[in-house]
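The values are calculated or read from the model by the stated rules, or taken from the named source; none is laboratory data. In this text the structure is predicted, and so the values were computed from the model without any measurement. Because the Cβ atoms are built from the backbone with ideal geometry, glycine has one as well, and the counts that use them run over all protein chains shown. Calculation scope for accessible area: heavy atoms of the full protein, side chains included, ligands and nucleic acids excluded. Shrake-Rupley method; radii C 1.70, N 1.55, O 1.52, S 1.80 Å.
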Amino acid sequence: MPEARSTIIVGGLAVLIAGVTSVLWIESRAETLTLPTGQVVEHAQCLAPNVVSSAMPGANTTATDLLDAPPEGLLPEDFDPVALVLCEFYGDRPETNTQILRETERSGVGLSAATAALAARTGVPRDPEDCDTVTSAPLPVVWAVNKQDRAVRLGLPKDGCGQLKNDPLAAVYELPAISVEEYELPIFS
């Protein structure tokens, strides 16, 4: 009888330890980081070297005399956006050894929902070995723009593995495009 009782106690302790470990693991996965407040600049800078290399890995950014854009951040409290500008990889032109960077300004009903989706917290970075999926698809760079055409580079909320969190771009892509510009940039050789 004492052996059965000790087996039950050991089994119960194992279940308790497994349960506590699971809860702590789940809570650790829910940790988030808050980005700093974004820096307001004169206008959205899709051709800034660090924006180009972020949106289009492989594009040549040495041919520009532009300065790097400020780092990603959150929308400042006193910044009233009227549009979002996306800087994104659009495609290759192998015949000219170039890539296309598309700059799209979007605005309209739903702008508040789009900026709220972009303001979600980002997950704490995890050990890459803990991540199930890795993507090499470049992510667009997003700017909020106010009536004076001043802009703030926004961060995209990501999980701890660097993947987009809750698809924050869906609300952005639902906004109508107001203007579109394309830039052909040489590919590093």
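Starting from the Cα of ASP167, step 7 Å along the direction of its Cβ; do the same at SER179; then give the gap between the two resulting points in nm.
3.0 nm
Measure off 7 Å from each Cα along the Cα-to-Cβ vector at GLU95 and ASP127, then give the distance between these two points in nanometres to one decimal.
Between GLU95 and ASP127, the simple spin-label model gives 5.1 nm.
Provide the solvent-accessible area of TYR183, counting protein heavy atoms only and rolling a 1.4 Å probe, rounded to the nearest 10 Å².
For TYR183, solvent-accessible area is about 50 Å².
Kindly give Rg over Rh for the range 66-189, based on alpha-carbon atoms, with the Kirkwood expression for the hydrodynamic radius.
0.99
In nm, give the distance between the simple-model label positions of ALA119 and ARG150, each being 7 Å from the Cα along the Cα-to-Cβ direction.
Each label point is offset 7 Å from its Cα along the Cβ direction, giving 1.8 nm.
Taking the Cα centre as origin and putting +1 on Lys and Arg beta-carbons and -1 on Asp and Glu beta-carbons, what dipole magnitude results for the range 110-189, to the nearest 20 debye?
It comes to approximately 440 debye.
For the range 73-180, calculate the relative contact order in percent as a whole number, restricting contacts to Cα pairs under 8 Å that are 6 or more residues apart.
38 percent.
Over the Cα atoms of the range 116-189, how large are the radius of gyration and the largest Cα-Cα distance (Dmax), in Å?
In order Rg, Dmax, the Cα atoms of the range 116-189 give 15.3, 45 Å.
Leaving out ligands, DNA and RNA but keeping every protein chain, what accessible area does CYS46 have, in Å² rounded to the nearest 10, with a 1.4 Å probe?
Number for this one is 0 Å².
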